[in-house]
Amino acid sequence: MLTILLPVILLISSCSGGEEPAQAEREFTLPDDGIELVDAWARPGRENGVSAVYMHVLNGSADTDTLKALSSSVAGLVELHETYDRGDDMMGMREAEEPFFAPRSVTSMRPGGLHVMLMQLNRALTEGDEIDVTLTFARAGEITISAVVQSP
Amino acid sequence: MLPFQTFLKLFLLIFLVCAFTISCSSPGLDDYSDVRFELTNQNGETVVFPDDFEGSPLVMGFIYTNCPDICSFITVNVGKVYEEMENPGDTQFALVTFDPERDTPEVLKQYAAAFEMDKPPFQFLTADTETISAFMERVSVRTQESYSRDSEDGDRMYFINHSDKILLIDQRSRLIFDYGGSMTPVNIIIEDLEKLLKNRFCSLFSCLLYC
C-alpha cells in the first residue's frame with residue numbers, strides 16, 4: 001500500500017483581515033490498483049436546477065486514467081466542470097477540458113475548483129439526501145458512488 | 001461671564017463628545033442612502049433597497065441559482081452568519097440574483113427551500129433585467145455571460161462569470177465591508193457584524209449630533 005500526504009489547502013481569502021490561508025493535511029491511502037473515489041458529497045439544489053458533487057479521486061494504478069463519461073439518476077445532464085479565478089475580480093466556470101488522473105496520485109474535486117456538475121435535476125436535493133453518481137474511466141471502468149447532500 | 005471652572009467643565013464635555021463621536025463614526029466604503037431600487041422577494045413582495053433595510057445592519061450576497069459551486073457557498077455563508085451569531089438581533093440577510101431572466105421569485109423560493117433558507121430573516125431578491133443591471137452596477141458586482149449550450153429539449157443553458165461578494169451594510173445604508181463571498185471565513189463577517197451592532201448606540205448618538 002502506498003500512503004501519501006496531500007496538503008489540502010482550504011482557500012480562505014479575507015479582504016478585511018489579510019490573514020494567511022488556513023491549511024490542513026489530509027492523509028490518503030492509495031488503492032493497490034485502479035481508482036477509488038472517497039468522501040463524496042453534494043450541494044443542495046432545486047428541482048430543474050443544478051448541484052455540484054465533490055470527492056477525492058485516488059488513482060492507485062501505474063497508468064494515467066481518463067474520465068470518459070458521467071451520469072446520475074437525479075440529473076439530466078452531468079459534466080465535469082471547474083471554477084476558476086479569472087484574475088479580473090470575477091470567478092468563472094468552464095467545462096474541464098482534460099479530465100485525466102495521473103498515476104499514483106490524488107485529484108481533489110473541491111469547492112472553488114474541479115467538480116461534477118449536475119444539471120436539470122429531476123428533484124430537489126436537500127441536506128441529508130443521498131444521490132448516486134457514476135463515473136466511467138477509460139481503464140478503471142464504471143464506478144458508482146453515493147454522495148450525501150450537505151451544506152457545510 | 002462664566003466662571004473659569006464652569007468653562008473648563010463645558011470645554012471638557014464638548015471635547016469628550018467630539019472624541020466619542022469621531023471614534024464611533026465609520027466613514028464606510030460607499031453610501032447607498034441616495035439610491036432606490038425596487039426589488040421582489042421570493043414571496044412576490046416588493047422590497048425597496050435601501051429604504052426597507054434602513055435601521056438594521058444588512059448582510060447581502062450576490063448569486064445566480066444555476067451556479068452550483070461558488071454561488072452555493074455564498075448562499076451557505078450568508079446562512080451561516082445568521083446561524084452562528086450569538087445574537088443577530090434585527091440583522092437582515094439578503095441574496096440578490098444577477099440572473100433575473102431565469103431567477104424568478106418562484107425559482108428563488110425553490111432555491112431558498114433547498115438550502116433551508118426560505119424563512120425569515122432571509123430574503124432572495126430579483127427584479128426586471130434593467131433594474132438588476134443598474135443595481136449590480138451600483139454595488140460593483142460584475143457579471144458576464146461565459147458559455148452557453150442548447151440542451152436536448154431545446155432550452156438554452158448559459159453560465160455567468162461574476163464577482164464573488166458578500167457586503168456588510170450598516171443601518172444607515174453605508175457599505176462597511178466588502179468580502180470575498182464564497183471563501184471568507186464566516187467568523188470574520190460575524191466579528192465585523194457584532195462590532196457594528198455594538199456600535200449602533202454610537203452611530204445613533206453621532207447621527208443625533210450631526211442632525
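Please treat every number below as a calculation from the coordinates, not as lab data. Here the structure is a predicted model, which means the values were calculated and not measured. Here the Cβ positions follow ideal geometry from the backbone for every residue, glycine too, while neighbour counts run over all protein chains shown.
Tabulated results
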{"read-out": "Qualifying position, being surrounded by 14 or more Cβ atoms within 10 Å (Cβ to Cβ) and over 29 Å from B:PHE62 (Cβ atoms), among A:THR126, A:THR83, A:THR107", "value": "A:THR107"}
{"read-out": "Some residue of segment A:33-42 being more than 10 Å from chain B (Cβ to nearest Cβ), part of a strand (DSSP E or B) and at positive phi", "value": "yes"}
{"read-out": "Residue within segment B:64-79 that is more than 13 Å from chain A (Cβ to nearest Cβ) and either assigned to a strand (DSSP E or B) or of a type in the set (A, V, I, L, M) (or both) present", "value": "no"}
{"read-out": "Residues within segment B:81-96 that are more than 18 Å from A:ALA52 (Cβ to Cβ) and either surrounded by 24 or more Cβ atoms within 10 Å (Cβ to Cβ) or within 14 Å of another protein chain (Cβ to nearest Cβ) (or both), tallied", "value": "5"}
{"read-out": "Residue count for segment B:143-184, restricted to those that are more than 9 Å from chain A (Cβ to nearest Cβ), over 24 Å from the mean Cα position of the chain (by Cα) and either buried (at least 21 other Cβ atoms within 10 Å of the Cβ) or part of a loop (DSSP other than H, G, I, E, B) (or both)", "value": "1"}
{"read-out": "Index of the failed condition, A:GLY45 passing every other in (1) surrounded by 19 or more Cβ atoms within 10 Å (Cβ to Cβ); (2) in contact with a Gly (Cβ under 6 Å, 6 or more places away or on another chain)", "value": "(2)"}
{"read-out": "Residue within segment B:116-137 that is among the aromatic types (Phe, Trp, Tyr), within 13 Å of the chain's Cα centre (by Cα) and within 14 Å of chain A (Cβ to nearest Cβ) present", "value": "yes"}
{"read-out": "Filtered residues of segment A:97-135 (kept if within 12 Å of chain B (Cβ to nearest Cβ) and small (Gly, Ala, Ser))", "value": "A:GLY112, A:GLY113, A:ALA124, A:GLY128"}
{"read-out": "Residue match in segment A:57-73 (condition: facing chain B (nearest Cβ under 8 Å), in contact (Cβ under 8 Å) with a residue 12 or more places away in the chain and more than 16 Å from the chain's Cα centre (by Cα))", "value": "no"}
{"read-out": "Matching residues in segment A:61-111 - criterion: being assigned to a strand (DSSP E or B) and more than 30 Å from A:GLU47 (Cβ to Cβ)", "value": "A:ASP65, A:THR66, A:ASP85, A:PHE100, A:PHE101, A:SER105, A:VAL106, A:THR107"}
{"read-out": "Within segment B:44-63, tally of residues that are in contact (Cβ under 8 Å) with a residue 40 or more places away in the chain and either outside any strand (DSSP E or B) or more than 22 Å from B:ILE189 (Cβ to Cβ) (or both)", "value": "7"}
{"read-out": "Filter pass, B:LEU108 being within 14 Å of chain A (Cβ to nearest Cβ), closer than 28 Å to B:GLU145 by Cα, free of Cβ contacts under 8 Å to residues at least 60 places away in the same chain and buried (at least 23 other Cβ atoms within 10 Å of the Cβ)", "value": "no"}
{"read-out": "Subset tally (residues that are under 18 Å from B:PHE159 (Cα atoms) and part of a helix (DSSP H, G or I)) for segment B:80-112", "value": "3"}
